[in-house]
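Below is one structure, written out as structure tokens, with a few remarks after it.
All of the numbers you see were taken from the coordinates with simple rules; none came from a lab. Just so you know, these numbers come straight off a predicted model, no measurement behind them. Cβ placement follows ideal geometry from the backbone for every residue including glycine, while neighbour counts extend to all protein chains displayed.
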Amino acid sequence: AAAPAATAENEVGKKVYGSTCSMCHAAGVAGAPKLGNKEEWAPRLAQGNDTLIKHSIDGYTGLTGVMPPRGASTASDEELANAVHFMVSKVQ
């Protein structure tokens, strides 16, 4: 029997994270939850991916930080959604 195929890495999300999102999410700038930090991501994950994607596109000011619209980038809605999925995958 053939071995199951490995899950493909989200290359678009990984690229957008590396070129844009990591500027804040790697170090926690402006209250950004750090990549892989389950405690910081927990309240955000509880809101669901649709809300996280909306906040990444439209921007958001919360109790613990600020997300500028599009992360101050020119990334498309689809690219931002992929970046959110990439970051979420690192804490689940």
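Some notes on this structure:
- The phi-based Karplus calculation (6.51 cos²θ - 1.76 cosθ + 1.60; θ = phi - 60°) puts the 3J(HN,Hα) values of segment 25-41 at 6, 6, 10, x, 4, 6, x, 5, x, 6, 3, x, 7, 4, 5, 5, 7 Hz, whole numbers, x for Gly and Pro.
- Full extension of the segment from residue 39 to residue 58, taken as 0.36 nm per residue of separation minus the current Cα-Cα distance, would add 4.4 nm.
- Each Lys or Arg adds one and each Asp or Glu subtracts one; over the other residues with Cβ under 15 Å from the Cβ of residue 35, this totals +3.
- Cα gyration tensor shape of segment 18-92, rounded if a/c is under 1.5, else prolate or oblate by comparing a/b with b/c: rounded
- Counting lysine pairs in the chain that sit 8 or more residues apart in sequence, or on different chains, and whose Cα atoms lie under 16 Å apart gives 5.
- The length gained on full extension between residue 11 and residue 72, counted as 0.36 nm times the residue separation minus their Cα-Cα distance, comes to 19.9 nm.
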